[in-house]
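Student: Could you have a look at this structure, given as structure tokens, before my questions?
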Amino acid sequence: GGQVTSNTDNEPPTSRHARSARDGMTPEKCESELDDISRKAPMVRFLLEALEKAGCPVNRSFFEVQRCNKAVLGGFRPDEGVVLCHNNLTNRTDMENMLTHELIHAYDHCRNKNMDWLDLKQHACSEVRASNLSGDCHWVNEMFRGYFGVENGHQKCVRRRAELSTAMNPRCRDRNEAKTVVNEVFEQCFKDTRPFDDIP
């Protein structure tokens, strides 16, 4: 895929927020990291294989590197693919976590042929799964966010991040509604670790 420089306010329906507005990668650096991660990162490779097995093979054109106006690392656009915001991605670890998170959304979209991303429960369930399985809530990431040694920290992190993402759904009135919907689906969706055998 060639370099994409279009500025976009068209934020993907499932977006990952950037930590801060530091200088991100050049489009070329982002493209080369993406190629390397797709070949070498175990979680990303596993999910690419899982998508293929589920009948939704992904090729390089599934990933689009863009400059994004909003403070997000990237997102998943149903039936289009994963957007990577090169100007907000500053390191490989964030990029790997973001790709893993978005590929879990892609997997959910693949296995549920009637997936409706505007349906709050369906969206919330995929956000719970993506936050749970992607490394978003690894204790190191939580430590950087200032959450030290919180009891049941992983589950609390998954809830918090799923609520933030669900609240961005155009049909969601506010953070309280997002919290209610995440609560409704949490137990069932937290247990659903497909395509992994367990929480990685």
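Student: Can E33 be described as within 23 Å of D108 (Cβ to Cβ) and at pLDDT 95 or above? It would help to see each step written out before you state the result.
Tutor: Numbers: within 23 Å of D108 (Cβ to Cβ): no; at pLDDT 95 or above: yes.
So E33 does not fit the description; no.
Student: (1) touching a Lys or Arg at 6+ places or on another chain (Cβ under 6 Å); (2) open to solvent by 10 Å² or more (accessible area, probe 1.4 Å); (3) at pLDDT below 90: which one isn't true of R145, the others all being true?
Tutor: Of the numbered conditions (1) touching a Lys or Arg at 6+ places or on another chain (Cβ under 6 Å); (2) open to solvent by 10 Å² or more (accessible area, probe 1.4 Å); (3) at pLDDT below 90, the odd one out for R145 is (1).
Student: Filter region 5-30 down to the residues that are open to solvent by less than 30 Å² (accessible area, probe 1.4 Å) and among the hydrophobic types (A, V, I, L, M, F, W, C), then identify the one that is modelled with the highest pLDDT.
Tutor: C30
Student: In addition: I'd like the full set of residues that are touching a residue at least 40 places away in the same chain (Cβ under 8 Å) and over 13 Å from S126 (Cα atoms), limited to region 168-177. Talk me through it step by step, then tell me what you get.
Tutor: Narrowing region 168-177 to residues touching a residue at least 40 places away in the same chain (Cβ under 8 Å): 168-172, 177.
If the condition is that a residue be touching a residue at least 40 places away in the same chain (Cβ under 8 Å) and over 13 Å from S126 (Cα atoms), then M168, P170, R171, C172, E177 are the ones that fit.
Student: Give L84, L118 a once-over and let me know the one that is at pLDDT 95 or above and open to solvent by 50 Å² or more (accessible area, probe 1.4 Å). Even if it seems obvious, please write down each step before you answer.
Tutor: Numbers: L84 fails: open to solvent by 50 Å² or more (accessible area, probe 1.4 Å).
Checking each option against the conditions leaves just L118.
Student: Restricting region 184-200 to residues that are assigned to a helix (DSSP H, G or I) and touching a residue at least 24 places away in the same chain (Cβ under 8 Å), which is surrounded by the most Cβ atoms within 10 Å (Cβ to Cβ)? Spell out how you get there, then give the answer.
Tutor: At the first step, the residues of region 184-200 found to be assigned to a helix (DSSP H, G or I) are 184-191.
Subset that is touching a residue at least 24 places away in the same chain (Cβ under 8 Å): 184-186, 188-190.
Details: E184: 14, V185: 22, F186: 18, Q188: 10, C189: 24, F190: 20.
Once the filter is applied, the top-ranked residue is C189.
Student: Before we move on, is E96 in a helix (DSSP H, G or I), under 20 Å from Q188 (Cα atoms) and not hydrophobic (A, V, I, L, M, F, W, C)? So that I can check it myself, show each step before the final result.
Tutor: On the way: in a helix (DSSP H, G or I): yes; under 20 Å from Q188 (Cα atoms): no; not hydrophobic (A, V, I, L, M, F, W, C): yes.
The answer is no for E96.
The values are calculated or read from the model by the stated rules, or taken from the named source; none is laboratory data. Every value quoted in this text rests on a predicted model; they were computed, and no experiment measured them. Ideal geometry is used to build each Cβ from the backbone, glycine not excepted, and the neighbour counts take in all protein chains shown. What goes into the accessible areas is simple: the full protein's heavy atoms, side chains included, and nothing from ligands, DNA or RNA. Shrake-Rupley method; radii C 1.70, N 1.55, O 1.52, S 1.80 Å.
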